[in-house]
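The values are calculated or read from the model by the stated rules, or taken from the named source; none is laboratory data. Remember, predicted model here, so these are calculated numbers, not experimental data. Cβ sites come from the backbone with ideal geometry, for glycine too, and all protein chains shown count toward neighbours. Protein only, heavy atoms only, side chains kept; ligands, DNA and RNA dropped before computing areas. Shrake-Rupley method; radii C 1.70, N 1.55, O 1.52, S 1.80 Å.
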Amino acid sequence: MPKLKLPNPIPDQLRPRPQRPGEGNGRKSTKDVVIESGRDAGISVVDWVDERTSLSGAARWTMFRKVPKGTNWFYTLGSATMFAFLSQAVTGVFLAMYYDPSPTRAYESTRHITNEVFLGEFVRGMHKWGATVMMVLIFLHMGRTFFFGAYKYPRELNWVVGVVLLVLTMIMSLTGYLLPFDQRSFWATIVADNINGTGPFLGPYLADFLRAGPEFGATTLARFYSIHMLLVPGAIAALIGVHLYLVAKLGTTAPPWVKAEEPEQLRTEKV
Amino acid sequence: MADRRKEKSPYTEDRNIPGAFEGETVTRRRLMVGSVHAFGAMATAAIGLPALGFALGPVFERQRARWEDVGTPEDFVDFTYRPKVITVESGAGEVGKTTVYVRKHNEEVDGPVKDSYDDFVAISTRCMHLGCPVRYIDASQRFVCPCHGGVYDFVGKVSGGPPVRPLDRFYTRVRRGRLEIGPRYSVNSELRRFSPRDAGQPLDGIGQYLYPRRFTTPELD
Ligand code: HEM
Ligand code: FES
């Protein structure tokens, strides 16, 4: 088999020219010295950190895993969900620079972001549509793990962590919906709160907790905002860590249509 | 077996633990481990409990009854409602306001006056399905909800759609010649009064026990 020719990773101009006989009398040109020490500096910084942290081992443990035969595009849905979450986190942080969670200012500040802030409409749009994208992706990912039987032993715990992530993502959707504070946000939140209130025995108190009182009041919005931007994203980030640790630890499942290969020895013995 | 148990004397001295004191039953190691755990638990509680109480506080806070002037008693009639806007939450701007429909007590439809809070009927606009704002349509003498088609009759009883109980009401009273609207209360399908519940919580039969009175319920003064 002919060896594949890999593309040249360093442009020719940057490659040190081989020295011609008699050139430099064994000494290197300044340019070569600069290139070489630049490369060495990078390596020694990485070495310096690795010597003190042993991070390269952890990186190798997570990145260079054995992957079963038949792994396909459906296995990227989990990472896609994670990137949707990261996109929400980043755009959310920047929206928070202009958003004002007070009942008299929230609507106005959202309008300001959309109509006046440079790229405001774009960043808000990313956050708003990204929320839907994340919901769609998380369900597709859940469907993938379900139909591939990836929830079975020994991955039950990862399924459970996934369910918690799903619920937390839904809490994000619910609490985020109030923040623009227009008529739709407001009445949708009233309805959602009353749905929470219909749980027997504890429901009425849960509704009071969410509203911070018996009526939708001055602090309800702030409460939803803090749940939306601090409490739940933190929990999601931590649980994604657990989720991925378990994926790296247990490995991913092979697709159900891939049969285990019989060892060579058994095959010959059967004949 | 019995012998083994005898071997384990409660005294560290008997168990040949180096540095044991006479009469000592707990080793220093166990004492240190125990106290580190105890202090850790105390530190966690010192941070966690106030934060939890801070977030849960409003659930246990009794509200004060507020009475709001909506005009003179002569402004209202007993055959139709007049909308009035009152504030139910201060400091929340527009959001803290709500519309109430007010009319005089009408013996023909309401029966005899129950008490001094019953001379006027003030109907809440919160739909008792899930809380959307209902509107009174004079031509049909019905309250209609825009969300899922809930319909209520002239006294606020459910005449169609998903709502689980009649529209809530507000206490009313006349003070110094002015009509005042007070705290909200809920009613079951016979218009018996209950402490205010949220929308979606039925009050007939078992409902009144499934959805108990809340700590935030204000006291009438
Ligand atoms: C914030 C949401 C989530 C993120 C960021 C996430 C991320 C990931 C990633 C990156 C993987 C490895 C690659 C792959 O198989 O796609 C994975 C695997 C897995 N996820 Fe999720 N996930 C999330 C939610 C869920 C949910 C809702 C469930 C199910 C209830 C779930 C169950 C699983 C299971 C069982 C595996 C193991 C798959 C296997 O071993 O083949 N995850 N997740
Ligand atoms: S909220 Fe009025 S019918 Fe649903």
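Have a look at B:57, B:53, B:71, B:48 and point out the one that is among the small types (Gly, Ala, Ser) and at positive phi.
On the way: B:57 fails: at positive phi; B:53 fails: at positive phi; B:48 fails: at positive phi.
Only one candidate qualifies: B:71.
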Quiz item: Which one is nearest to ligand 2 (Cβ to nearest atom), of the residues in the stretch B:128-168 that are charged (D, E, K, R) and farther than 19 Å from residue A:191 by Cα?
Solution: B:142
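Are there any helices (runs of 4 or more DSSP H) wholly within the stretch A:176-271 with 1 or more residues that are within 16 Å of ligand 2 (Cβ to nearest atom) and not hydrophobic (A, V, I, L, M, F, W, C), and if so which?
Working: elements: A:183-197, A:203-211, A:220-226, A:232-250, A:264-270.
Once the helices (runs of 4 or more DSSP H) in the stretch A:176-271 are filtered for at least 1 residues that are within 16 Å of ligand 2 (Cβ to nearest atom) and not hydrophobic (A, V, I, L, M, F, W, C), what remains is A:183-197.
Residues are listed down the side, and each one gets a yes or a no for (1) at pLDDT below 75; (2) among the small types (Gly, Ala, Ser); (3) over 22 Å from residue A:244 (Cβ atoms):
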| site | (1), (2), (3) |
| --- | --- |
| A:19 | yes, no, yes |
| A:23 | yes, no, yes |
| A:36 | no, no, yes |
| A:44 | no, yes, yes |
| A:63 | no, no, no |
Practice problem: Could you check, for the stretch B:43-53, whether at least one of its residues is assigned by TED's automatic domain parsing to the domain that holds residue B:179 and of a type in the set (Gly, Ala, Ser)? | Solution: no
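Among the residues of the stretch A:185-205, write down those that are of a type in the set (Phe, Trp, Tyr) and open to solvent by less than 50 Å² (accessible area, probe 1.4 Å).
To start, the set of residues in the stretch A:185-205 that are of a type in the set (Phe, Trp, Tyr) comprises A:186-187, A:201, A:205.
The answer is A:186, A:205.
I need a count of the residues in the stretch B:204-221 that are over 13 Å from the mean Cα position of the chain (by Cα), more than 16 Å from residue B:166 (Cα to Cα) and free of Cβ contacts under 8 Å to residues at least 40 places away in the same chain.
The first filter runs over the stretch B:204-221 and keeps only residues over 13 Å from the mean Cα position of the chain (by Cα), leaving B:204-210, B:220-221.
Narrowing the set further to residues that are more than 16 Å from residue B:166 (Cα to Cα) leaves B:206, B:209-210, B:220-221.
Adding the requirement that they be free of Cβ contacts under 8 Å to residues at least 40 places away in the same chain leaves B:206, B:209-210.
So the answer is 3.
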Self-check item: Complete set of residues in the stretch A:94-111 that are open to solvent by 60 Å² or more (accessible area, probe 1.4 Å) and more than 23 Å from residue B:96 (Cβ to Cβ)
Solution: A:94, A:97, A:98
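Quick one: which residue in B:203, B:210 is of a type outside the set (Val, Ile, Thr), within 23 Å of residue B:115 (Cα to Cα) and either in contact with a helix residue (DSSP H, G or I) (Cβ under 9 Å, 6 or more places away or on another chain) or away from ligand 1 (no atom under 16 Å from the Cβ) (or both)?
Details: B:210 fails: within 23 Å of residue B:115 (Cα to Cα).
None of the other options fit; the residue is B:203.
From the list A:114, A:91, A:81, which residue is touching a residue at least 40 places away in the same chain (Cβ under 8 Å) and hydroxyl-bearing (Ser, Thr, Tyr)? Can you show your working first?
Values: A:114 fails: touching a residue at least 40 places away in the same chain (Cβ under 8 Å); A:91 fails: touching a residue at least 40 places away in the same chain (Cβ under 8 Å).
Matching residue, one of A:114, A:91, A:81: A:81.
Given the options A:128, A:152, name the one that is within 30 Å of residue A:254 (Cα to Cα) and either open to solvent by 20 Å² or more (accessible area, probe 1.4 Å) or within 14 Å of another protein chain (Cβ to nearest Cβ) (or both).
When all the criteria are applied, what remains is A:152.
Output the number of residues of the stretch A:69-85 satisfying the condition of being in a helix (DSSP H, G or I) and open to solvent by less than 80 Å² (accessible area, probe 1.4 Å).
So in the stretch A:69-85, the residues in a helix (DSSP H, G or I) come out as A:73-85.
This time we only want the ones that are open to solvent by less than 80 Å² (accessible area, probe 1.4 Å), so: A:75-82, A:84-85.
Residues in the stretch A:69-85 being in a helix (DSSP H, G or I) and open to solvent by less than 80 Å² (accessible area, probe 1.4 Å): 10 in total.
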Quiz item: Within the stretch A:211-244, can you find the residues that are more than 11 Å from ligand 1 (Cβ to nearest atom), more than 10 Å from chain B (Cβ to nearest Cβ) and not aliphatic (A, V, I, L, M)?
Solution: A:224, A:225, A:228, A:234
Quiz prompt | Among the residues listed as B:59, B:95, B:77, the single one being over 25 Å from residue A:226 (Cβ atoms) and either open to solvent by less than 100 Å² (accessible area, probe 1.4 Å) or assigned to a helix (DSSP H, G or I) (or both) | solution = B:77
Quiz item: Among the candidates A:182, A:208, which residue alone is of a type in the set (Asp, Glu), within 14 Å of another protein chain (Cβ to nearest Cβ) and open to solvent by 20 Å² or more (accessible area, probe 1.4 Å)?
Solution: A:182
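Report the residue count in the stretch B:107-126 for those that are more than 9 Å from chain A (Cβ to nearest Cβ) and closer than 27 Å to residue B:162 by Cα.
Residues of the stretch B:107-126 more than 9 Å from chain A (Cβ to nearest Cβ): B:107-125.
Right, trim to closer than 27 Å to residue B:162 by Cα and you get B:109-111, B:121-125.
So the count comes out to 8.
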Quiz item: Any idea how many residues of the stretch B:137-153 are more than 22 Å from residue B:190 (Cβ to Cβ) and either open to solvent by less than 20 Å² (accessible area, probe 1.4 Å) or of a type outside the set (D, E, K, R) (or both)?
Solution: 8
Practice problem: Please indicate, with yes or no, whether at least one residue in the stretch A:41-54 is away from chain B (no Cβ under 14 Å), within 13 Å of ligand 1 (Cβ to nearest atom) and assigned to a loop (DSSP other than H, G, I, E, B). | Solution: no
Self-check item: Test: residue in the stretch A:168-179 that is under 30 Å from residue A:111 (Cα atoms), in contact with a Ser or Thr (Cβ under 7 Å, 6 or more places away or on another chain) and either near ligand 1 (Cβ under 9 Å from one of its atoms) or open to solvent by 70 Å² or more (accessible area, probe 1.4 Å) (or both)
Solution: yes
